[in-house]
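The values are calculated or read from the model by the stated rules, or taken from the named source; none is laboratory data. Quick caveat, the model's predicted, so the values are computed rather than measured. FYI the Cβ positions are ideal-geometry reconstructions off the backbone, even for glycines, and counts take in every protein chain you see. These area figures cover heavy atoms from the full protein model, side chains too; ligands, DNA and RNA do not enter into them. Shrake-Rupley method; radii C 1.70, N 1.55, O 1.52, S 1.80 Å.
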Amino acid sequence: MLPARGGLGGLLLPAVGALSPDVEVLAVQYPGRQDRRQEGCAQDVETLVAESLAALSHLDQDRPLALFGHSMGAVVAYETARRLGTPPAILFASGRRAPSRTRDESMHLQPDEVLAADLRTLGGTDSELLDDPDILRMVLPAVRADYRAIETYRHTAGPPLACPIRVLTGASDTRVTPEEAEAWQHHTTADCAVDTFPGGHFFLREVQDEITTLVRRELGALARA
């Protein structure tokens, strides 16, 4: 397998060891979180895309690049891919409907208790943490910023990508219907395939080994092509 780089969020950090040494994994850390918690949160997708492009500009251009994003990260990865001078080898779009499929959402305008309830519904955050008022007060600004960024995002018309797109989705994810997942095919002139896994919006937590195997297999196939 040729070396490749991939941008993965915190959900797939355990994949770093599993993909090494063939794949150099670079994890994206949004402002306002963990080691960047002193920075102001991004309020729109464009800001996150600009940061991603700036980070990628320092990489060697002679190595294939794969982008992986989950939920809002899938949109950030897609918009980053649209702006790269050289298209990535592949885009993995996980847990997110196609950019051209919109819903009327305004969760970022709701009171804290409603926002926290939605987090519980998604199941991506331990309920014990959400029950702690101090922790909740600390994390909600970043969560609200994420909701604002993705809910105000609107896709703009432009040429489709020239790279393959591999779509990953949870069978019981209420945020992505099968039709919305299939619609990713309209955003590339290359192949587009959808893989559905058991679980809801954060299905990655339950099938990390399967996802790692899928990523390794796809990158290996591209390297042999």
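Tabulated values for the structure
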read-out: Breaking point among (1) among the small types (Gly, Ala, Ser); (2) more than 14 Å from Tyr153 (Cβ to Cβ); (3) open to solvent by less than 60 Å² (accessible area, probe 1.4 Å), for Gly85; value: (3)
read-out: Selection count, region 166-225, where residues are under 20 Å from Met72 (Cβ atoms), assigned to a helix (DSSP H, G or I) and polar (S, T, N, Q); value: 1
read-out: Filter result for Asp60 (open to solvent by less than 60 Å² (accessible area, probe 1.4 Å) and of a type in the set (Asp, Glu)); value: no
read-out: Thr213 open to solvent by less than 40 Å² (accessible area, probe 1.4 Å), over 17 Å from the mean Cα position of the chain (by Cα) and among the hydroxyl-bearing types (Ser, Thr, Tyr); value: no
read-out: Selection within region 90-111 - more than 16 Å from Gln185 (Cα to Cα) and either at pLDDT 95 or above or assigned to a loop (DSSP other than H, G, I, E, B) (or both); value: Arg103, Asp104, Glu105, Ser106, Gln110, Pro111
read-out: Some residue of region 65-76 being part of a strand (DSSP E or B), under 15 Å from the mean Cα position of the chain (by Cα) and aliphatic (A, V, I, L, M); value: yes
read-out: Residue ID - surrounded by the most Cβ atoms within 10 Å (Cβ to Cβ), chosen from residues in region 88-113 that are acidic (Asp, Glu) and out of contact with any Asp or Glu (no Cβ under 6 Å at 6 or more places or on another chain); value: Asp112
read-out: Number of the exception - Asp134 against (1) open to solvent by less than 60 Å² (accessible area, probe 1.4 Å); (2) part of a helix (DSSP H, G or I); (3) farther than 19 Å from Glu105 by Cα; value: (1)
read-out: Some residue of region 193-208 being open to solvent by 90 Å² or more (accessible area, probe 1.4 Å), under 25 Å from Ala89 (Cβ atoms) and out of contact with any helix residue (DSSP H, G or I) (no Cβ under 8 Å at 6 or more places or on another chain); value: no
read-out: Pick from region 57-81, criterion out of contact with any strand residue (DSSP E or B) (no Cβ under 7 Å at 6 or more places or on another chain) and over 24 Å from Ser172 (Cα atoms), ranking: modelled with the highest pLDDT; value: Glu79
read-out: Count - residues of region 152-187 that are modelled with pLDDT of 95 or more and either touching a Cys at 6+ places or on another chain (Cβ under 9 Å) or within 17 Å of Ala117 (Cβ to Cβ) (or both); value: 8
read-out: Verdict on Gly85 being over 19 Å from Gln43 (Cα atoms) and either assigned to a helix (DSSP H, G or I) or not aromatic (Phe, Trp, Tyr) (or both); value: yes
